[in-house]
Amino acid sequence: MSDRAKTSNLRVLILGATSAMAMATARRLAPQGATFYLAGRDAERVEAVAGDLRVRSGVAAYGEALDLADTASHEAMLQRAVTALGGIDLALVAYGVLGDQAEAEVSYRAASVVLETNFNSVVSLLTWLGNYFEAQGKGVLAVISSVAGDRGRKSNYVYGASKAALNVFLDGMRARLDRKGVHVLTIRPGFVSSPMTSHLPKNKLFAEPDAIAAGILKAIRKRKDIVYLPPIWGLIMFIIRSIPQRFFKKTNL
């Protein structure tokens, strides 16, 4: 089977569909005949993404606006996605908040927004989807995490903690579901040019969303467990993890 065939005619659920990486991934899948159920917070933006896919590739694309941090809304939304698509083959979780590290250092409320959004709400979705895919004996769960979860750093340890918890959860879910025919992929991007990082000074380590999308689809085709995107971040984070704590705590990373 060709690489293209492995990602064609998929019924795709995208949670956080208006994120730059999610939109780029959808645009790469649409010409292959994928159909989409898109969920995101902003109704106009979700419909714009769905309309773009329909116009570009003539595929079916359904949209729904909801706050994905609201776990009470998850089950009904997921059931609507299954009904609209006739089933789900691939679920891409692509939402999260960066938060304000300085504010989170002094306000539990600010920290909890990051943790609830990036970890707890994602766990709610993954639990339902994991059981759904397990019952059908197949499916792909692709989840965008971050290199920030590899080690707690002074500059973003609240955000990093939310991603580290997510990484551990995905490790365990993968071990449980792999033998049931379900592929669980952890995506760990570095810096990506997007609205979330628009306030940060840009450098050569920033990647474009389309390059990340290409890496995501390649990792799905090759059934990777964890992928660093761009790949150089695997080496960068290996070096950062290797710094002894007595030295690392003195850095300003």
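Quick check, is N131 farther than 19 Å from V46 by Cα and free of Cβ contacts under 8 Å to residues at least 24 places away in the same chain?
yes
Within region 40-48, can one find any residue that is at pLDDT 95 or above, surrounded by 19 or more Cβ atoms within 10 Å (Cβ to Cβ), of a type outside the set (S, T, Y) and within 20 Å of the chain's Cα centre (by Cα)?
Yes, region 40-48 contains a residue that is at pLDDT 95 or above, surrounded by 19 or more Cβ atoms within 10 Å (Cβ to Cβ), of a type outside the set (S, T, Y) and within 20 Å of the chain's Cα centre (by Cα).
If G149 passes every condition in (1) among the small types (G, A, S); (2) surrounded by fewer than 16 Cβ atoms within 10 Å (Cβ to Cβ); (3) within 15 Å of the chain's Cα centre (by Cα) but one, which one does it miss?
So G149 meets the others, but not (2).
Filter region 59-77 for residues that are of a type outside the set (D, E) and either at pLDDT below 95 or in contact with a helix residue (DSSP H, G or I) (Cβ under 8 Å, 6 or more places away or on another chain) (or both) and give the result.
V59, A60, A61, Y62, G63, A65, L66, L68, A69, T71, H74
List every residue pair whose Cβ atoms sit under 9 Å apart, with the two residues 6 or more apart in sequence or on different chains, where the first one lies in region 46-67 and is within 16 Å of G16 (Cα to Cα) and the second, anywhere, is in a strand (DSSP E or B) and of a type in the set (D, E, K, R).
V46/E64
Looking for something assigned to a helix (DSSP H, G or I), of a type in the set (G, A, S) and touching a Phe, Trp or Tyr at 6+ places or on another chain (Cβ under 9 Å) - is there at least one such residue anywhere in region 67-76?
Looking for residues that are assigned to a helix (DSSP H, G or I), of a type in the set (G, A, S) and touching a Phe, Trp or Tyr at 6+ places or on another chain (Cβ under 9 Å), one finds none in region 67-76, hence no.
Residue by residue, here is whether (1) modelled with pLDDT of 95 or more; (2) over 18 Å from V140 (Cα atoms); (3) not small (G, A, S) holds:
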position: H199; (1), (2), (3): no, yes, yes
position: K204; (1), (2), (3): no, yes, yes
position: A207; (1), (2), (3): no, yes, no
position: A211; (1), (2), (3): yes, yes, no
position: G215; (1), (2), (3): yes, no, no
position: R223; (1), (2), (3): yes, no, yes
position: P230; (1), (2), (3): yes, yes, yes
position: F247; (1), (2), (3): yes, yes, yes
position: N252; (1), (2), (3): no, yes, yes
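Residue check: is G152 part of a loop (DSSP other than H, G, I, E, B), in contact (Cβ under 8 Å) with a residue 12 or more places away in the chain, more than 18 Å from T25 (Cα to Cα) and among the small types (G, A, S)?
Here the answer is yes, as G152 does meet what is asked.
The values are calculated or read from the model by the stated rules, or taken from the named source; none is laboratory data. For clarity, every value in this text was computed on a predicted model and none was experimentally measured. No Cβ is skipped: glycine too gets one built from the backbone with ideal geometry, and neighbour counts run over all protein chains shown.
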